[in-house]
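All remarks here apply to the structure that follows.
The values are calculated or read from the model by the stated rules, or taken from the named source; none is laboratory data. Keep in mind that this is a model prediction, so the values were computed, not measured. Cβ sites come from the backbone with ideal geometry, for glycine too, and all protein chains shown count toward neighbours. Please note that ligands, DNA and RNA were not included when accessible areas were found on the heavy atoms of the full protein model with its side chains. Shrake-Rupley method; radii C 1.70, N 1.55, O 1.52, S 1.80 Å.
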Amino acid sequence: MSRADAVHRGGSEVVVFGRRAVMEAIAEPLVEVGEVRVARDVPGEFRKELADACRARGADAPMVTDGVGVRELSHEPRHDQGVAARVRLTTIVGVESFTASLTGAAAAAPTRVLAMDAVTNPQNIGMIVRSAVASGMSAVLWPMVGSPWIDGLIVKSSASAIYRCTIATCGTLAEGLWELKRAGFTLYGLSAGATTNLFDRKPAHRAAFILGSETEGLARETEELLDERLSIPMRNGIESLNVAVTAGLVCFHAAR
């Protein structure tokens, strides 16, 4: 089974692997812990620490198995470090539910959303999520079409920040952006050719920032929905930045 087949696309149940990622999942109150497997050749000190962590959370004791048993769950033998867990993320909502929740105090506070347009590299996605959480973005808009779903590699790349990230799911990105527009969001697209400097623009009360793919930038369908295109000023002949670096700059500017 491929890594893509190992998770239910759009579902809140995901498989995480690696010693740090699993331990952090067990320690995170926003994560519900299901099955945990650990290989018997993993050092006994770590197996005891893992068992103690499960007991403290009221989760089932880890299943001690061979490497094959762990691999059957993780599907990533090169990265799982002999431990994997099935968990449920409680911060995943549909975009309609997310916008409907913006009432009362939530409506009064500025709302900032980050969206990805066909960003496909798991490492970049994980780092984007980490910046979104660290800067206090309200949510990440996550399309089911054009982007990979959450898996263990994205979890590891986010340094487990994804456990605390509000993820608003949608079908296509265009569908999600339309829903945001209906809820009063201003849509800003990051584009190297834009004449307006990102850092000169004060975001609207409800603002969504859309990042283009690593190779193609923003799709035409996305461009047509934008309220404004913004760019990051470049010097010394550099034309563009890595999408994860761009996300970091956008997130912390939006949070100001």
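Restrict the check to region 165-180 and report whether at least one residue is closer than 20 Å to Ile238 by Cα and modelled with pLDDT of 95 or more.
The initial filter retains those residues of region 165-180 that are closer than 20 Å to Ile238 by Cα, namely none.
No, region 165-180 contains no residue that is closer than 20 Å to Ile238 by Cα and modelled with pLDDT of 95 or more.
Considering each of Lys202, Lys156, Lys181 in turn, give the residue that is closer than 30 Å to Gly18 by Cα and charged (D, E, K, R). Before you say what the answer is, go through the steps one by one.
Working: Lys202 fails: closer than 30 Å to Gly18 by Cα; Lys181 fails: closer than 30 Å to Gly18 by Cα.
Going through Lys202, Lys156, Lys181 in turn, just one is closer than 30 Å to Gly18 by Cα and charged (D, E, K, R): Lys156.
Scanning region 155-189 for residues that are of a type in the set (A, V, I, L, M) and within 19 Å of Gly136 (Cα to Cα) yields Val155, Ala159, Ala161, Ile162, Ile167, Ala168, Leu180, Leu187. Looking only at region 180-212, residues that are under 18 Å from Cys251 (Cβ atoms), open to solvent by less than 50 Å² (accessible area, probe 1.4 Å), in contact with a helix residue (DSSP H, G or I) (Cβ under 9 Å, 6 or more places away or on another chain) and not β-branched (Val, Ile, Thr) come to 15 in all.
Only helices (runs of 4 or more DSSP H) wholly contained in region 125-234 count here; list those with 1 or more residues that are of a type in the set (A, V, I, L, M, F, W, C) and either under 17 Å from Pro110 (Cβ atoms) or in contact with a strand residue (DSSP E or B) (Cβ under 6 Å, 6 or more places away or on another chain) (or both).
Details: elements: 152-157, 173-182, 220-223.
By residue number, 152-157, 173-182.
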